[in-house]
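Structure first, commentary second.
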There are 2 protein chains.
Amino acid sequence: MMMEETDVLWLTDEQQASWRAFLEGTARLNETLNRDLENDSDLSLNEYEVLVRLSESPHRTLRMSQLADSLAYSRSRVTHTIRRMEERGLVVRESCVADGRGVNCALTEAGVAALVAAAPRHVSSVRRHLVDVLTPEQLVVLGQAMERVSLACRT
Amino acid sequence: MMMEETDVLWLTDEQQASWRAFLEGTARLNETLNRDLENDSDLSLNEYEVLVRLSESPHRTLRMSQLADSLAYSRSRVTHTIRRMEERGLVVRESCVADGRGVNCALTEAGVAALVAAAPRHVSSVRRHLVDVLTPEQLVVLGQAMERVSLACRT
DNA sequence: CTTCAATAGTTGAACTTTCTACTATGGTAG
DNA sequence: CTACCATAGTAGAAAGTTCAACTATTGAAG
């Protein structure tokens, strides 16, 4: 349905089109990256992201809540995800000395190995379906835009 | 880790930053829109999208497979989703006259009502967290970029 | 007309995520 | 010191998604 440009309640056709393209694109990209990653490794994209965060942290260790915050996952999602990954030997949990309530999650050697093994093909998949598909300018704007969105979701 | 600009395997720091911002932004946006929508209605974002597609189709009806394609969902996800929505009276299924294998899914009056009731607040949430947060140019580029990504995921 | 591959959709089990309630520790105000 | 509220994390059930196997129909080849 055609909307008037001045309507503040609805979206203009152009806004609508961008929003739809965004929804569809993220759905397809997510599905594609997951499929590629699961074909090439036995990690899901979510698990891969957990490994990345840990690998970039001092002592390859993070508190459960830091993991939750940086991945934008719920607390209980992190608990379950890490429990499954711990069962597979990718990470270990140990209670936190500084804060008796806290739990540290650390990468194991097997976790590092899994990440190193999966990374090259995953990066190439990200290139093939996102980075190399866009102009450098588009990619920059995309990043800037999503940064603003992240902030707006904080409020 | 700092990567060389000329490395074709890894991402440059700038590319990396955009990619991370994208991942985090989509995660937060999705979570926020879902939360808003579920507070204001009893629809999930996925269900809302189903209702939108149906509402825009001739006779407010689509084949299960068209629904799957346009939403980028798996067949079985559509089956389960529609079964649940049918139990709640939002849609009905009827077998397709033209193709004996096919199933048509149609919006009910209750489905239309649910969509109409949810739309204004949902649109305002999309505005608040995406549309109004970006410059018009950013939004356009975002849409164009994600359109390219959708295409690249087809291959 | 029959065979056969391809397409449409469903089903139930396995897995993942969310929701709700819970335990335990930490910090702070009286 | 002792309430008390906030924070950290977990546990199990409910809800949603994926996976693999299945039925049924269609369309095309012989």
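Things worth noting here:
- Boolean, B:Leu134 is over 19 Å from A:Arg28 (Cβ atoms), surrounded by 17 or more Cβ atoms within 10 Å (Cβ to Cβ) and of a type in the set (A, V, I, L, M, F, W, C): yes
- Evaluation of B:Ala152 against (1) touching an Asp or Glu at 6+ places or on another chain (Cβ under 9 Å); (2) more than 14 Å from chain A (Cβ to nearest Cβ) (one fails), failing number: (2)
- Some residue of region A:94-101 being modelled with pLDDT of 95 or more and of a type in the set (A, V, I, L, M): no
- Restricting B:Arg83, B:Arg63, B:Arg53 to those that are loosely packed, with under 15 Cβ neighbours inside 10 Å and modelled with pLDDT of 95 or more reduces the list to B:Arg83.
- Residue ID - farthest from the other protein chains (Cβ to nearest Cβ), chosen from residues in region A:31-44 that are surrounded by 18 or more Cβ atoms within 10 Å (Cβ to Cβ) and within 15 Å of DNA strand C (Cβ to nearest atom): A:Leu43
- Number of the exception - B:Asp99 against (1) part of a helix (DSSP H, G or I); (2) near DNA strand C (Cβ under 8 Å from one of its atoms); (3) of a type outside the set (Val, Ile, Thr): (1)
- The number of residues in region B:87-105 that are touching a strand residue (DSSP E or B) at 6+ places or on another chain (Cβ under 6 Å) and among the charged types (D, E, K, R) comes to 2.
- Selection from region A:87-114 of residues that are among the small types (Gly, Ala, Ser), more than 12 Å from DNA strand D (Cβ to nearest atom) and either within 14 Å of another protein chain (Cβ to nearest Cβ) or free of Cβ contacts under 8 Å to residues at least 24 places away in the same chain (or both): A:Gly89, A:Ala110, A:Ala113
- Taken over region B:129-143, residues that are within 7 Å of another protein chain (Cβ to nearest Cβ) and in a helix (DSSP H, G or I) amount to 9.
- If the condition is being more than 11 Å from DNA strand D (Cβ to nearest atom), of a type in the set (A, V, I, L, M, F, W, C) and within 14 Å of chain B (Cβ to nearest Cβ), then region A:52-86 contributes A:Val52, A:Leu71, A:Ala72.
The values are calculated or read from the model by the stated rules, or taken from the named source; none is laboratory data. In this text the structure is predicted, and so the values were computed from the model without any measurement. Heads up, the Cβs are rebuilt from the backbone with ideal geometry, glycines too, and the neighbour counts pull from every protein chain shown.
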